[in-house]
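Okay, so here's the structure we're looking at.
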Amino acid sequence: MSARSWIRTKEPDQTSASFPELFFDLVFVFALVQLSHTLAEDFSSAAAFESVLLVLAIWWVWINTTWMTNLLHTGREPVRLMLFGMMFGGVLLALALPEAFAEHGLMFALIYCTMQVGRSLFTLYAFRGVDNAAFTTFGRITLWSLASAVFWIAGAMMELEGRILCWSLALVIDYLSPALHYAVPGLGRSSPETLDISGEHMAERCALFVIICLGETILTTGRNTAEHMNSSTTFAVFCGAFLSTGVMWWIYFHHGQEKAADKAETTSRPESVAHNLFTYGHLPIIAGIILTAVGEDFSLSHAREESSVKYAIAMIGGPVLFLAGNIWVKMTVARQIPVSHLTGIGLLVALTALVPFSANYIIQLAATAILLVVAVWEYLALKPGRGATA
């Protein structure tokens, strides 16, 4: 089979997420469960920073694989097999994740680098002799992945402090590469808009990943609720956690997601907009959902315990990150600040004043109430015939 046939076309059946892609996403349910469990068990400042690095790594694997499947035809056997290989690597990555900063550091780094470099080489081959501009871009992407791999592997060979430093540098390299147009000394930068991106497909894939994260929140909440059924506050906290998940779904999907899809599909700069909306813009949304799940874990397992900065970072910081990500996405789409979201962040920050005087379940329920206010405000403001500011 010619590599030329591996390239995705503009046919309607190829602009929607495919079954192999949805199958691939299931791996990340496991990864996110592993991450939230690890963070809930140890939420020290060091563990929290380590978890930030792991979230960045997981997101980078997923979003870059999404770029690959956006450009390639997942119905072709070689592409599908490549995706299954990425799935296998993703499972191994998730297994190594809880001990990535301990005894499984080398395993984590090797799997991560193999997935990143291997996927780039595969896509490079797919565009060989088909699209010279895309081929050159993926050549540069491969070089950036190799540069990052040096720090991943080096960090895995070091003690904790050195590992954190090297892996932080590796992630800086990873995340800077698209912003710098994969500039390589002697080769220059990739020309703008060299990749034929389907904005509709990218928006759908990111929306599905948001659903995965929200689903992981439900799984975590259900598991913790079952473990704490003897507490008088459990049912109220469970209802608040469930409502919080539903409200986050509403805030993201009711208005922003569809507009983001339209923007990505109709823009004259699809590659740049896709990076802004999805590669970077969705990261705080995902991180916010994961952190909210950890906060809900705390509010169930330590419901009546007096709150603290440690617990508040999750219970309040998660919704703040989520709203900040939605502001980013909605401003990119509409060039207008959603006042409801900005007000919500202000109210959440003000809520921190109650932390020293309130139990955890009170803080969690109050954060949920603020998210509900944001959702209702935006819904009413955007109803047809209303001139209010959302």
Which of the residues belonging to segment 179-190 are within 14 Å of T136 (Cα to Cα) and either assigned to a helix (DSSP H, G or I) or open to solvent by less than 30 Å² (accessible area, probe 1.4 Å) (or both)? Y182, V184, S190
Quick check on F138: is it without any contact (Cβ under 8 Å) to a residue 24 or more places away in the chain, closer than 23 Å to T194 by Cβ and open to solvent by less than 20 Å² (accessible area, probe 1.4 Å)? yes
If the requirement is being touching a Ser or Thr at 6+ places or on another chain (Cβ under 7 Å) and either at pLDDT 90 or above or among the β-branched types (V, I, T) (or both), which of these qualifies: T9, T69, T15, T65? T15
Quick check: anything in segment 315-328 open to solvent by less than 30 Å² (accessible area, probe 1.4 Å), over 30 Å from T65 (Cα atoms) and at pLDDT below 95? yes
With respect to the numbered conditions (1) touching a His at 6+ places or on another chain (Cβ under 6 Å); (2) at positive phi, which one is the sole condition not fulfilled by L300? (2)
State whether one or more residues within segment 157-175 are among the basic types (K, R), in a helix (DSSP H, G or I) and buried (at least 18 other Cβ atoms within 10 Å of the Cβ). yes
Which one is nearest to L39 (Cα to Cα) among residues in segment 196-239 that are more than 16 Å from the chain's Cα centre (by Cα) and buried (at least 21 other Cβ atoms within 10 Å of the Cβ)? T220
Quickly run through segment 76-104 and pick out the residues that are among the small types (G, A, S) and part of a loop (DSSP other than H, G, I, E, B). A100, A102
In segment 123-150, residue modelled with the lowest pLDDT [restricted to those that are more than 27 Å from A109 (Cα to Cα) and of a type in the set (A, V, I, L, M, F, W, C)]: V130
Only one residue in E216, E306, E258, E227 is acidic (D, E) and either without any contact (Cβ under 8 Å) to a residue 12 or more places away in the chain or in contact with a Cys (Cβ under 9 Å, 6 or more places away or on another chain) (or both). Which one? E258
(1) at pLDDT below 95; (2) open to solvent by 50 Å² or more (accessible area, probe 1.4 Å); (3) within 25 Å of F28 (Cβ to Cβ): which one isn't true of L110, the others all being true? (1)
Considering every residue within segment 25-38, establish whether at least one is of a type outside the set (D, E, K, R), part of a helix (DSSP H, G or I) and more than 24 Å from I218 (Cα to Cα). no
Helices (runs of 4 or more DSSP H) (entirely within segment 232-277) containing at least 3 residues that are more than 20 Å from P338 (Cα to Cα): 234-251, 270-274
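Specify which of the listed residues (V355, V373) is of a type outside the set (D, E), in contact (Cβ under 8 Å) with a residue 24 or more places away in the chain, open to solvent by 20 Å² or more (accessible area, probe 1.4 Å) and part of a helix (DSSP H, G or I).
From the options V355, V373, the qualifying one is V373.
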Residue count, segment 39-88, condition more than 22 Å from S198 (Cα to Cα), surrounded by fewer than 18 Cβ atoms within 10 Å (Cβ to Cβ) and not hydrophobic (A, V, I, L, M, F, W, C), comes to 5
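The values are calculated or read from the model by the stated rules, or taken from the named source; none is laboratory data. Being a predicted model, the structure only gives us computed values, none of them experimental. All Cβ positions, glycine included, derive from the backbone under ideal geometry; neighbour counts span all protein chains shown. Heavy atoms of the whole protein, side chains included, go into the accessibility calculation; ligands, DNA and RNA do not. Shrake-Rupley method; radii C 1.70, N 1.55, O 1.52, S 1.80 Å.
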